[in-house]
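First comes the structure, then the notes that go with it.
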Amino acid sequence: MQPWQLDKTKKDVASVIFAFFEAGKNKDLSALGEFHAPRDFSKFDENPPYTRQDSDEAFVYEQAAFANISDYDYKVEELRVDLIDNVAIATFYLTYKGIFVNDYSFEGRSVGSKSRVTMVLSSFPNGWKIVHEHFSTLPDLKERSDASSRRGDHSR
């Protein structure tokens, strides 16, 4: 692949990732499933359930999460896209926040997190599709500092 093709392909993959989060932000819930591979999709999430999800499970939980969060905002940082043939591995930090609204009690609470994210995408005839997602919460600096102290690690 020529360098210009490599750059264009990486930008195409990044566009899919941003479009996915924008669909959630804009509550275009029916579009969320279109970002995933038609079959053989899997996901590990930082929110329950913590088991491996297939495409049907992930779609249900993603729809519910985006549907119940208002004022959702996100930031993708340090996006890196590596290409191996027709597979892209994207790693980045995702910071999000919003108000989780419980429709039954009409109450809301602030939610937010900074997570490490890996998305694996594959090239299909109709574009790049996500075949695997892995989200894990990034411990805050205080937690990391406390853990280092407990281990006796005083290097900074």
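Nothing in this text is a laboratory measurement; each read-out follows from the coordinates by a stated rule. Keep in mind the model is a prediction, meaning the values are calculated, not measured. All Cβ positions, even for glycine, are placed from backbone atoms using ideal geometry, and neighbour counts span all protein chains on display.
Restricting attention to the range 82-102, and to residues there that are over 17 Å from G112 (Cβ atoms) and of a type outside the set (S, T, N, Q), which single residue is farthest from the chain's Cα centre (by Cα)?
Step one: filter the range 82-102 for residues over 17 Å from G112 (Cβ atoms), giving 82-91.
So of that shortlist, the ones also of a type outside the set (S, T, N, Q) come out as 82-85, 87-90.
Details: D82: 16, L83: 18, I84: 20, D85: 22, V87: 17, A88: 15, I89: 13, A90: 10 Å.
If we take residues in the range 82-102 being over 17 Å from G112 (Cβ atoms) and of a type outside the set (S, T, N, Q), then D85 is farthest from the chain's Cα centre (by Cα).
Being in a helix (DSSP H, G or I), surrounded by 14 or more Cβ atoms within 10 Å (Cβ to Cβ) and of a type in the set (S, T, N, Q) is the filter here; which residues of the range 13-55 pass it?
S55
Out of D71, D56, which single residue is more than 16 Å from the chain's Cα centre (by Cα), free of Cβ contacts under 8 Å to residues at least 12 places away in the same chain and over 14 Å from E133 (Cβ atoms)? Walk me through it before giving the result.
Details: D71 fails: free of Cβ contacts under 8 Å to residues at least 12 places away in the same chain.
Result: D56 is the single residue among D71, D56 that is more than 16 Å from the chain's Cα centre (by Cα), free of Cβ contacts under 8 Å to residues at least 12 places away in the same chain and over 14 Å from E133 (Cβ atoms).
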